[in-house]
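Scroll down for the structure; my scribbles are underneath it.
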Amino acid sequence: MAKRIVLSSVFAVLVVAGLLPVLAMGVKSIIVDGRFSLENYKALLTLGRAQTLVSHSLALSLLTTLCATIIGLPLGILLGKTDLPFGKLLIVLFTIPLLIPPYITAISWFYILGREGVIGRLLGPSLAELTSKWLFGLPGCVLILFSTFLPIVILLTVTYLTTINPRLEEAGRLVSDWPGVLRSITIPLILPGVLLAVMLVLLLSLGEFSVPSFLRYNVFPVESFTQFSAFLNFSAATVAAIPLAIVTFFVLALESHFLREKTYQVRPAHGTAFTERIQLGRNRNWLFAVSALLCFVIVVLPLLVLIVQSLSVHAYALAIAKAGDSLIRSLVYAAVGASALTVIGFLSGYLIHTRAYPFWQTADSLTIFLFALPSTVIGIGLISLWNRPWTNFIYATPVIIIIGYIAQYAAISSRITVSMLTQIPPSMEEAAQVAGAGWFRRMALIVAPLAKRGLIAAWLVGFIFCVRDTGISMIVYPPGLDTLPVRTFTLMANAPAGLTSALCVIMICAALVPVGILTAAFKTRML
Amino acid sequence: MTFLTITSVTTSYNGQPVLHDFSLEIEKGERLVILGPSGCGKTTVLRLLAGFIAPDSGSISIEGDLVAADGKTITGPEARHFGMVFQDLALWPHLSVKGNLEFGLKAKHVTKEKREQLIAEMLDLVQMSEYIHAKPGELSGGQQQRVALARALVLHPKALLMDEPLSSLDVDLNERIRKEILRLHNTLGFTLIYVTHDREEALDIGTRVLIMEKGRIERSGSVKEIRHYFERP
C-alpha cells in the first residue's frame, strides 16, 4: 500500500510539474475572451514571419543535427572503441560545452569572430566584418549548437558501444577486418543509441533560444520569448511555443514506435566479456591530431578567450558586486533542485525499472517528453498554470523555478537511477522482503544504499543542469530573485567585455566544479 | 602432420597470470577437447588461437607460419581462416540467418551466385533451410546452435574452435547437437578444438583430451587413456 501511494504520488508530481502546465498553455492558446477561438494562431500565420520562423527553425535544427551526427558518430567510435591516446581526456573535454549555458559559448565566439574580436585584431577588420556577418546568422548558430550538442552523440555512441557483447564483434573479426565489422555489425547494433542521440540533438536545437536570441537569428523559441518579455503578449508567446510542443510530441511518438522495441539486448548477463580495442597502428597519430585539433577549436579556444578577456581583479570584483547575489541564489536553487530531482528521479526510476504499476510507461514517456520539450515551452506553461492570485505563494517565489527544474530534468535523474538499479540483483530486495521488511524499510536500508553511487551521480548531474539552466529561469524567475545565467544574459548587452567574460568564467566554474568532484570521487573510489 | 603449434606461451589478464609456459601441438583433422574447470585458462587458449589476443611471450604457428609471438599479432583473426562457435553463440541479432552466414562470404568477396550456393548447402547440411529468412531471436535454442555451426563452417575453415557451445542446453538437446557436430566433422573433415568443463561431453566428442588446471596442462591423452584416468580408484 505504502509503495503504491508513494509511487503514485511521484507520478502525480511529474504530471503537475510538467504535463498540466503544457496542457494549460494549450488550452489558453485557444481561449480568447472566455470563448474557443483560433484567432491567436491566425494572427501568427498572417504575420508573415511564420514562414521565416519555420524555415529558420528547421534549418538550424536539421543542420545542427546533421553536423553533430556526421562528426559525433565516428568521433564516438574513435574515442570509445580504439586505442587513441588520451581518449578519456578528450571525452571529458568534448563534454564541457554541454555542461555550460550555450549562450556562454556564443559570447566567446563573439569575442573571436565579432567585429572587434581576435580575428579582427590579428587579421584585419575586413575579415572580421566577414566572420561577424557569418557568426550572426545560421552558420554561427549551427557552429555553437553543434559544439554544445556534439557531446550527446559522442556520449551516447560511447555508452552504447559498451553495451555490445564483444563476442558479436569477435565473430565478425574471424572473417573481416575492423572497418567491415564496424560497418555491418557494430554500427547497426548501436543504431538505436545513435538515433536516440539524433532525436535529442534535433529537439534540443529546435528548442534552444539563448543562442539564436544572442545571434539575432529568429526561430520559434526566440519569437515566443520576445513576445513574452518584450511585447508582454502572452497569447502570441503561447502560440509560438505550441508548434515546438507538437513537434516534440510527434518526434518522441515516432521514437517510441520505431526505436524502443528495436534495442537489442546484446550484452551477456555474466561480466566476463573482454572488450577488444581497435588498434589504430599507423593511423593513430594523425587521428589523434585531428581529434585534438577539433577539441581545441570548439572547446579549448572559446574557453581560453573568455579566461584571457576576464583576467583582471577589477572585472571579477565588479562581477561579484553586480551578480554575487545571483550566484548564491543559483547555487542554492540548484542544490535544492538537485535534491528534489534525486528523490523524484530515484522513485520514478524505481517505478520504471521494476514496472511496479501500469503507469510506469507513461511516467517514462512523460519524463523524456518534458526533457526534450523546449525550456521556453515549459516556462510559459508554468506561467499559464500558476499565475493566479490563489497560487501566488508558488508563482511569486523560487518554488516555481524548482518546479520547472523538476519538470525539465527529472528524466536525467530517473535514467541514472534506472541504470544503477539494473546492476542490483532483484534478489537483494526480495531477500529483505522475505525477512519481513516493509517497502519503506527495503528502500531505505537495501535499495538506496546499494544505489548510492547512482544517487550521488544523479545529484551532481542534476545540480549541473539546474545551475546552467537559462530558459526556465529566464521566464519564470520572480522579480529580484534571478539566477546567475539570467543576470549574465541580461547584463551582457551593455556590460564591458571584461565583466561579461568574468561572469561567464564564474558561471563555467559553478557548472564544472561538481564534475571535478564527481570525477575525483570516482577515481579515488569514494563512490 | 602438425597443424597448430603453441610454444611456451605465457599470458596474463589484468596482471593475473592465465597461462604459464603453455605448449601444445594439434594435428590436422583431429578432434582435440580441452577440459577443465572455470578460470583454468581453456577459453584463453581458444582466444589465442583465434587471434583475439597475443601471447605475452612464446609463439603460435599455423601450418608452420608464425601468426603471433611475444606480445605481437602477426596474422589477425580474419586472415587465419578459422571458424568459431562462441559460448553464447554470438549470432548477430539484427541480421537474418542468411545475413549471419553471408557476412563472412561478402567480406571474402565471394560472388553472389557462389554465396547463395554455399549458404543453401550449409543450411541444408544443418537442416535449417526453411529458416533462412528468420532472425536469431525467432529461433529455438537448438536452431540457434545449428545456425552458429553453419556460420562458422560456411567458409570451410581450416579449424573450428568451439567454446563451451552446449553448456546452456538441456540434456536431450546437448546430445543431439553433439551427434550433429560429429556428423559435420565426418562430412567436412575440419580440425576441431573444443573447450568444455563437462567430462562426458569431452569423452564423447574428442579423439584426444587435454585436461587443464590453473593455466597448465595437467594431463593429455587419447579418449581411452583419459577415460581410464577418470575411472581409476
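The values are calculated or read from the model by the stated rules, or taken from the named source; none is laboratory data. If you're wondering where the values come from, they're calculated on a predicted model, not measured in any experiment. Quick reminder, even Gly has a Cβ in these numbers, built from the backbone with ideal geometry, and neighbours come from all protein chains shown. The area values use the complete protein model at the heavy-atom level, side chains included, leaving out ligands, DNA and RNA. Shrake-Rupley method; radii C 1.70, N 1.55, O 1.52, S 1.80 Å.
Here is how the numbers come out for the structure above:
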| quantity | calculated |
| --- | --- |
| Residue among A:T157, A:T163, A:T186 that alone is in contact with a helix residue (DSSP H, G or I) (Cβ under 9 Å, 6 or more places away or on another chain), modelled with pLDDT under 90 and closer than 26 Å to A:I91 by Cβ | A:T163 |
| Among (1) surrounded by fewer than 18 Cβ atoms within 10 Å (Cβ to Cβ); (2) within 28 Å of the chain's Cα centre (by Cα), the one test that A:L122 misses | (2) |
| Those residues of segment A:140-175 which are farther than 20 Å from A:F371 by Cα and more than 14 Å from chain B (Cβ to nearest Cβ), in sequence order | A:G140, A:C141, A:V142, A:L143, A:I144, A:V158, A:L161, A:T162 |
| Residue in segment A:99-107 that is farther than 27 Å from A:P514 by Cβ and not in a helix (DSSP H, G or I) present | no |
| Residue list for segment B:83-128, filter: more than 13 Å from chain A (Cβ to nearest Cβ), open to solvent by less than 30 Å² (accessible area, probe 1.4 Å) and more than 21 Å from B:F190 (Cα to Cα) | B:V97 |
| Failed item, numbered, when B:H197 is tested on (1) closer than 12 Å to B:V85 by Cβ; (2) modelled with pLDDT of 90 or more | (1) |
| Segment A:176-199 - residue that is part of a helix (DSSP H, G or I) and among the polar types (S, T, N, Q) and, of those, nearest to the other protein chains (Cβ to nearest Cβ) | A:S184 |
| Unmet criterion (only one of (1) within 24 Å of A:L518 (Cβ to Cβ); (2) buried (at least 21 other Cβ atoms within 10 Å of the Cβ)) for A:G87 | (2) |
| Search result, residues across segment A:66-98 that are of a type in the set (D, E, K, R) and not in a loop (DSSP other than H, G, I, E, B) | A:K81, A:K88 |
| Single match in B:V45, B:V9 (criterion: open to solvent by less than 30 Å² (accessible area, probe 1.4 Å), part of a helix (DSSP H, G or I) and away from chain A (no Cβ under 14 Å)) | B:V45 |
| Helices (runs of 4 or more DSSP H) enclosed by segment A:440-492 - at least 1 residues per element that are without any contact (Cβ under 8 Å) to a residue 24 or more places away in the chain and surrounded by fewer than 23 Cβ atoms within 10 Å (Cβ to Cβ) | A:484-491 |
| Residue match in segment B:32-40 (condition: in a strand (DSSP E or B), β-branched (V, I, T) and either within 14 Å of chain A (Cβ to nearest Cβ) or in contact (Cβ under 8 Å) with a residue 12 or more places away in the chain (or both)) | yes |
